[in-house]
Amino acid sequence: SSHLFDTLIAVSTAAQEFAKDVFGLDSVVLPNVVDTKQFVHEPLVREKPTIVFLGRLVERKGCMYLLKALNELKDIHTGEYDVVIGGKGPLLPKLKEYAHNHDLKNVRFLGFVDESDKPALLAGADIAVFPSTGGESFGIVLIEAMAAGSRVVLGGDNSGYRTVLGDHPDLLVNPKDTKAFANRLAHFLEYKH
């Protein structure tokens, strides 16, 4: 069969495998091009260490796993910290209810965050956390957070995010392993460099 394309580009090994498995197509991997300049922000230092989640509030983005880890974190980390959750989606009421029922007083839900407000939000993050369980072809959000100056960028251990964070396994976490997730958050809250 004659193809209309000379070369196919996949954004990650995860996307490359998908193209091969589903369509039988060979491709070269060229990561997504991210204009990091628009995310660069002057450093922000907040009074308290701040954990930031930014993303759609849908199951696979893992915000509920973050809340469960935060519930566990209460018992292992006594220092003060704030948690900011930016984004909207169908899980919002359920997440708010969980936070309320488990007395997660330091969690603030921002709702929708405008593109232009994202760099400042990420720049003020001691830990920017993206606990996605899968369905990510590449980690653009991770790169945006790094560009903005988040101190630590923590991602769910899925094949798309491994493309970006694979060289730093301590920055990948299994969101469903609540105890390990909480321990990793505690580690980075206590670790100052």
| task | Round to the nearest 10 and report in Å² the accessible area of Leu171, as given by a 1.4 Å probe over the protein chains' heavy atoms. | result | 30
| remark: So the angle from the long Cα axis of helix 13-23 to the longest Cα principal axis of the chain, reported in degrees to the nearest 10, equals 50
| message | Taking amide H atoms as placed 1.01 Å from N in the peptide plane, list the residues 5 or more away in sequence, or in a different chain, whose amide H sits under 5 Å from that of Asp82. | response | Thr50, Ile51
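Heavy-atom accessible area per residue, region 34-103, 1.4 Å probe: how many Å²? Walk me through the intermediate numbers first.
Values: 3980 Å² over 70 residues.
Value returned for region 34-103: 57 Å² of accessible area per residue.
State the extension gain, in nm to one decimal, for the chain segment bounded by Val45 and His168, taking 0.36 nm per residue of separation less the distance between their alpha-carbons. Don't skip to the end; give the middle numbers.
Values: separation 123, 0.36 × 123 = 44.28 nm, distance 2.44 nm.
Fully extending the segment from Val45 to His168 adds 41.8 nm.
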| field | Long-range amide H partners of Asp157 with built H, under 5 Å | value | Val173, Asn174
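Any chance you could run the full-extension gain for Ser116 through Phe23? It's 0.36 nm times the residue separation minus the Cα-Cα distance, nm to one decimal.
Extra length available between Ser116 and Phe23 comes to 29.7 nm.
Pull out the extension gain between Tyr191 and Asp35, defined as 0.36 nm times the separation in residues minus the alpha carbon to alpha carbon distance; nm, one decimal. Numbers along the way, then the final one.
Details: separation 156, 0.36 × 156 = 56.16 nm, distance 2.97 nm.
Between Tyr191 and Asp35, full extension yields 53.2 nm more.
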| So how tilted is helix 63-76 from the main axis of the chain? Cα-based, degrees 0 to 90, rounded to 10. | 40
| Charge dipole magnitude, Cβ of K and R +1, D and E -1 - region 20-100, Cα centre, debye nearest 20 | 260
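Using the Cβ atoms and a cut-off under 14 Å, what net charge is assigned to the surroundings of His102, where Lys and Arg are +1 and Asp and Glu are -1? Before the final figure, lay out each step's value.
Values: positive: Lys68, Lys74, Lys94, Lys96, Lys105; negative: Glu72, Asp75, Glu97, Asp103.
Computed value for this residue: +1.
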| note | Between (1) 43, 17, 12; (2) 31, 18, 16; (3) 22, 19, 17, the structure-derived semi-axes √(5λ) of the Cα gyration tensor in Å is (2)
| message | 7 Å from Cα along Cα→Cβ at both Lys105 and Glu59: what's the point-to-point distance in nm? | response | 3.4
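Please label the shape of region 94-137 as rounded, prolate or oblate, based on the square roots a ≥ b ≥ c of the eigenvalues of the alpha-carbon gyration tensor (a/c under 1.5 means rounded; beyond that, a/b larger than b/c means prolate, else oblate).
Taking the square roots of the gyration eigenvalues as a ≥ b ≥ c, region 94-137 is oblate.
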| request: Return the sequence-ordered ³J(HN,Hα) values of region 41-48 in whole Hz as given by the Karplus equation 6.51 cos²θ - 1.76 cosθ + 1.60 applied to θ = phi - 60°, using x for Gly and Pro. | output: 9, 5, x, 10, 10, 9, 4, 10
| task | Holding the Cα-Cα limit at 25 Å, pick out from Lys96/Lys176; Lys61/Lys96; Lys74/Lys118; Lys20/Lys118 the pairs that are longer than that. | result | Lys74/Lys118; Lys20/Lys118
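The values are calculated or read from the model by the stated rules, or taken from the named source; none is laboratory data. What you are looking at is a predicted structure, and each value in this text was computed from that prediction instead of being measured. Positions of Cβ are generated from backbone atoms using ideal geometry, with glycine treated the same way; all protein chains shown enter the neighbour counts. Just so you know, the surface numbers come from the protein's heavy atoms only, side chains and all, with ligands and any DNA or RNA stripped out. Shrake-Rupley method; radii C 1.70, N 1.55, O 1.52, S 1.80 Å.
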